[in-house]
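Worksheet: one structure, shown below.
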Amino acid sequence: METRVLQMPVTLPENGQCARCLDRLKDAVLQIAGVETVRVDPEESQVTLVYDPNLLALEEVRRRAERIGVEICETIQHEKLDLMGMDCPDCALKIEKAVGRLPGVLSVEVNFAAARMFVEYRAGQVGVPDIVKRLEGLGYGIEGPVRGARAAGPGEWWRRHKVTVSTAASGALLLAGYLAGAWGLGVPGRVLFAASILCGAYYMARGAVSALLLGAFDTNFLMLVAAVGAAALGQWAEGAMVVFLYSLGNALESLTTEKTRASIHALMRLAPPTAQVLRDGGELEVPVETVLPGEVIRVKPGAAVPLDGVVHRGQSWVNQAPITGEAVPVSVAEGSQLFAGSLNQEGSLEVRVAKGYKDTALARIVHLVEEAQAQKAPVQRFTETFGRIYTPAVIVLAVLCAVVVPWAFPSPGHSWIQRALTLLVVACPCALVISTPVAVAAAIGRAARQGVLIKGGAHLEALSGISVVAFDKTGTLTRGTPVVTEVRPLGVSAEELVALAATVEHHSEHPLADAVVREARRREVTLFEAQAFRALPGMGAEARVSGALLRVGSPEYLRGAGVGLSGASEELNTWRDLGRTVVGVAREDRLLGLLALEDEVREGAAEALAGLRRVGVSRLVMLTGDSEGAAHRVAQALGLDEVRHGLLPEQKVDAVRELTARYGRVAMVGDGVNDAPALAAATVGVAMGAAGTDTALETADIALMGDDLAQLPEAFSLSRKALRVVRQNVVFALLVVALLVGTTLIRGLRLSLGVAGHEGSALLVILNGMRLLRLPAPGPVRS
């Protein structure tokens with residue numbers, strides 16, 4: 001069968017960010033008779049088709065594929081809404097169910113940690129106002145202006161603070177009721193208690209009813225039953241106290257969880273909303289989304305960089321800590337890379353924009369951190385599953401206490417009914433369910449602010465159990481650029497030898513040549529004039545200097561050209577045994593000396609590896625494709641436990657799998673591109689210097705945004721602290737529930753005390769998780 005390939009641009013939904021829409025596009029195109037295969041490239045907004053020309057003409061397949069893309073974009077809409085009023089993971093599940101049942105809604109995902117909802121729907125069947133109306137019917141609000149919904153107005157303040165106001169009103173009426181009782185006003189006191197219940201329980205009742213309509217029992221329902229039951233038993237003050245304490249607890253929990261979410265919101269506000277763009281000979285202030293790649297913007301002293309780019313003119317010191325985690329500002333000049341969100345400290349800079357505002361490193365970081373906070377750690381999935389099974393069991397137990405026990409063991413009064421109502425309150429697993437997501441979100445948010453991007457709770461948990469860390473060598477443990485480390489002159493001075501070598505090498509583009517030229521600049525030597533330069537790939541270079549042929553290159557090249565090396569054979573052998581690269585310099589057939597070059601160990605690498613051992617890593621391994629001598633030199637300098645050299649990429653994968661089988665969980669640290677297979681094979685893949693590398697950001701489980709190994713032990717330490725906090729929260733929540741339930745069943749417990757214990761435990765769990773948000777003191781700032 002004859003087939004042809006067609007590659008064409010196509011309209012993609014949401015810049016190709018929606019995987020479901022990409023699948024719809026592929027499936028729809030595959031339905032065209034004659035199309036065999038379809039591949040979509042979201043980065044280039046292109047589709048590649050393999051089709052049968054006997055069944056389908058070129059223009060026909062082009063026209064139909066383009067029409068399908070346009071129809072999907074026009075039909076299926078995506079909306080991102082920031083939510084108000086979510087204070088527990090149950091809220092997220094309730095919203096997903098309720099909004100997901102609207103006709104025309106295709107998918108709903110609620111990120112509790114970020115208080116954000118992503119909804120996909122069919123235009124014409126449902127719209128944003130319908131979605132907002134459903135949310136408000138559930139008792140939740142929307143943060144900020146929303147496309148297609150009503151504009152923020154005078155009622156916006158009320159929507160944001162209505163629960164706080166109702167809580168305050170309930171508390172004031174409760175206090176008035178107690179005062180009325182103290183003054184002997186029984187009936188007015190009961191009326192005030194009833195009013196307190198109505199004020200505080202209004203939004204609680206709305207939430208309970210909405211949950212029941214979805215076929216679920218939530219905390220609102222349990223508390224409402226407890227309050228109404230207390231009032232029915234004539235305990236109006238107790239019912240009012242239950243409502244007030246629960247409402248107050250919710251308000252405090254919302255306040256504290258908002259502080260956790262603020263870590264991401266702070267990242268989003270780092271880049272300014274406008275940019276000073278140089279157009280048509282003038283300077284205009286325009287929204288960042290209108291600036292195109294290739295345009296030049298001005299960044300004034302003290303201003304934040306609005307977009308990723310390269311310095312076109314000017315020099316300054318720039319604080320890149322929000323992106324790379326580097327505490328000390330870096331010097332930038334023409335050709336230096338800049339990231340959106342960095343702070344320009346001194347000089348005025350003209351920056352050529354490299355990427356649109358949606359594609360900046362900062363935007364990708366925010367997007368990936370939001371996704372990471374939405375992903376659940378294994379321990380979080382356990383607590384949520386436990387909560388869904390446990391809550392109905394509590395309701396059944398409470399019914400047994402209220403109905404069966406009094407029938408089997410008659411007792412005066414309503415003691416067992418009171419115990420059943422209290423049991424509904426104290427056995428609710430709110431603290432357990434919220435124990436993990438708050439701690440995970442806080443840890444991921446803090447790490448992002450320190451320049452460490454952790455791609456989800458699962459990776460955070462996995463990192464805490466790592467016992468072996470494997471490293472690539474070049475560019476990870478070493479700088480990745482060679483430097484001249486030793487000079488051995490023969491019959492000339494060291495300065496003259498370096499000057500002669502640099503005279504030839506400054507015409508070359510080879511990395512070793514750059515190292516020689518940098519050494520000449522460091523020594524401040526004057527170069528000679530060179531003529532008839534000729535590069536010899538794989539060997540070296542030669543040129544005429546003062547009429548004589550000057551050769552610079554490998555010992556093999558010089559030996560082949562008839563240059564005798566016997567005068568430096570000892571140094572040659574020693575340096576090669578140490579894994580150094582040797583460059584010889586000869587005038588005609590006379591050897592003038594040797595230069596030793598090597599890839600220097602990264603500054604701070606030894607301290608970083610020592611830090612890993614302090615946080616519990618038991619074995620450090622190097623996996624490199626470099627020679628044995630170079631690998632062992634670096635390993636000896638850093639005190640590594642094991643070295644494997646001369647490895648191809650697939651052999652690195654095999655080595656990672658072998659280490660995993662022998663020692664358990666293994667982390668692989670590399671550059672995120674060349675080491676991608678090994679990063680994927682490891683339990684946790686860590687990419688170095690990922691701020692400017694799209695591939696590293698997308699493929700690694702953890703990305704160190706700066707080119708600094710010191711961030712690695714910090715990430716390990718944070719993961720261990722986070723898991724320690726999670727375990728503390730889970731154990732504490734279970735112990736409190738066990739204590740309250742046991743006390744309720746054995747001795748009885750006042751309903752209001754049960755509510756105080758329930759809400760207090762949830763609040764303490766949140767506060768304990770928020771400890772992970774505390775950042776260390778910033779590093780020194782260069783003036």
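The values are calculated or read from the model by the stated rules, or taken from the named source; none is laboratory data. The shown structure was predicted, so the numbers you read here are calculated from the model rather than taken from an experiment. Here the Cβ is made from the backbone with ideal geometry for all residues, glycine too, and neighbour counts use every protein chain on show. Areas reflect the complete protein model, heavy atoms only, side chains present, ligands, DNA and RNA absent. Shrake-Rupley method; radii C 1.70, N 1.55, O 1.52, S 1.80 Å.
Residues are listed down the side, and each one gets a yes or a no for (1) open to solvent by 60 Å² or more (accessible area, probe 1.4 Å); (2) at pLDDT below 90:
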| residue | (1), (2) |
| --- | --- |
| V498 | no, no |
| V516 | no, no |
| F528 | yes, no |
| G540 | no, yes |
| E570 | yes, yes |
| R580 | no, yes |
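Within the stretch 112-128, residues that are among the small types (G, A, S) have Cβ atoms under 6 Å from residues that are in a loop (DSSP other than H, G, I, E, B) in these pairs: A115/M86; G127/G148, counting only partners at least 6 apart in sequence or on another chain. Restricting L595, L640, L591, L620 to residues that are open to solvent by less than 30 Å² (accessible area, probe 1.4 Å), touching a helix residue (DSSP H, G or I) at 6+ places or on another chain (Cβ under 7 Å), modelled with pLDDT of 90 or more and over 28 Å from V492 (Cβ atoms) narrows the list to L620. Of the residues making up the stretch 285-300, those that are loosely packed, with under 14 Cβ neighbours inside 10 Å and of a type outside the set (D, E, K, R) are P287, T290, L292, P293, G294. The residues of the stretch 598-613 that are surrounded by fewer than 18 Cβ atoms within 10 Å (Cβ to Cβ) and assigned to a helix (DSSP H, G or I), listed by number, are A606, E607, A610, R613. For the stretch 33-87, name all the residues that are assigned to a helix (DSSP H, G or I) and of a type in the set (D, E, K, R). Within the stretch 33-87, E59, E60, R62, R63, R64, E66, R67, E71, E74 meet the criteria. Considering E326, E258, E289, the condition of being acidic (D, E), assigned to a helix (DSSP H, G or I) and modelled with pLDDT under 80 is satisfied by E258 alone.
In this structure, R419 does not qualify as within 17 Å of A114 (Cβ to Cβ) and either over 26 Å from the mean Cα position of the chain (by Cα) or open to solvent by 30 Å² or more (accessible area, probe 1.4 Å) (or both).
Filtering the stretch 77-109 to residues that are modelled with pLDDT of 85 or more and within 15 Å of I142 (Cβ to Cβ) leaves E79, L81, I95, A98, V99, V108. Out of curiosity, is Y121 at pLDDT 65 or above, surrounded by 15 or more Cβ atoms within 10 Å (Cβ to Cβ), hydroxyl-bearing (S, T, Y) and within 28 Å of N220 (Cα to Cα)? No. Please determine whether any residue of the stretch 46-63 is surrounded by fewer than 18 Cβ atoms within 10 Å (Cβ to Cβ) and closer than 30 Å to P129 by Cβ. So far as the stretch 46-63 goes, no, none of its residues is surrounded by fewer than 18 Cβ atoms within 10 Å (Cβ to Cβ) and closer than 30 Å to P129 by Cβ. Cβ-Cβ contacts under 7 Å between residues 6 or more apart (or on different chains), taken from a first residue in the stretch 572-591 that is assigned to a helix (DSSP H, G or I) to a second residue that is at pLDDT 85 or above, are listed as L572/P555; L572/L565; L572/V582; L572/L594; W575/V582; W575/A596; R576/V582. Assessment of the stretch 356-371 against the conditions (modelled with pLDDT of 80 or more, farther than 28 Å from L773 by Cα and open to solvent by 40 Å² or more (accessible area, probe 1.4 Å)) yields no matching residue. Only residues that are part of a helix (DSSP H, G or I), under 11 Å from the mean Cα position of the chain (by Cα) and not hydrophobic (A, V, I, L, M, F, W, C) were counted across the stretch 434-463, and they come to 5. In the set (1) open to solvent by less than 10 Å² (accessible area, probe 1.4 Å); (2) not in a loop (DSSP other than H, G, I, E, B), I466 fails one condition alone, (2).
Screening Q7 against (1) in a strand (DSSP E or B); (2) closer than 30 Å to N220 by Cα; (3) not β-branched (V, I, T) leaves a single unmet condition, (2). In this structure, E496 does not satisfy being outside any loop (DSSP other than H, G, I, E, B), under 30 Å from A115 (Cβ atoms) and charged (D, E, K, R). Listed by first and then second residue, the pairs linking a residue in the stretch 464-478 that is of a type in the set (K, R) to a residue that is at pLDDT 90 or above, with Cβ atoms under 6 Å apart and 6 or more places separating them unless they lie on different chains, are K473/M622.
With respect to (1) open to solvent by less than 40 Å² (accessible area, probe 1.4 Å); (2) modelled with pLDDT of 85 or more; (3) aliphatic (A, V, I, L, M), the lone exception for L30 is condition (1).
Only one of the numbered conditions (1) surrounded by fewer than 22 Cβ atoms within 10 Å (Cβ to Cβ); (2) of a type outside the set (K, R); (3) in contact with a strand residue (DSSP E or B) (Cβ under 8 Å, 6 or more places away or on another chain); (4) within 30 Å of K721 (Cα to Cα) is violated by L453, and that is (1). Within the stretch 626-648, the set of residues being assigned to a loop (DSSP other than H, G, I, E, B) and either closer than 13 Å to A606 by Cα or free of Cβ contacts under 8 Å to residues at least 60 places away in the same chain (or both) comprises S627, G639, L640, D641, H645, G646, L647, L648.
So for the stretch 88-95 (the condition being within 21 Å of D218 (Cβ to Cβ), acidic (D, E) and part of a loop (DSSP other than H, G, I, E, B)), does at least one residue qualify? There is no residue in the stretch 88-95 that is within 21 Å of D218 (Cβ to Cβ), acidic (D, E) and part of a loop (DSSP other than H, G, I, E, B).
Residues checked against (1) surrounded by fewer than 17 Cβ atoms within 10 Å (Cβ to Cβ); (2) in contact with a helix residue (DSSP H, G or I) (Cβ under 7 Å, 6 or more places away or on another chain); (3) under 30 Å from L93 (Cα atoms):
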| residue | (1), (2), (3) |
| --- | --- |
| L173 | no, yes, no |
| G186 | yes, no, no |
| C199 | no, yes, yes |
| A208 | no, yes, yes |
| G215 | yes, no, yes |
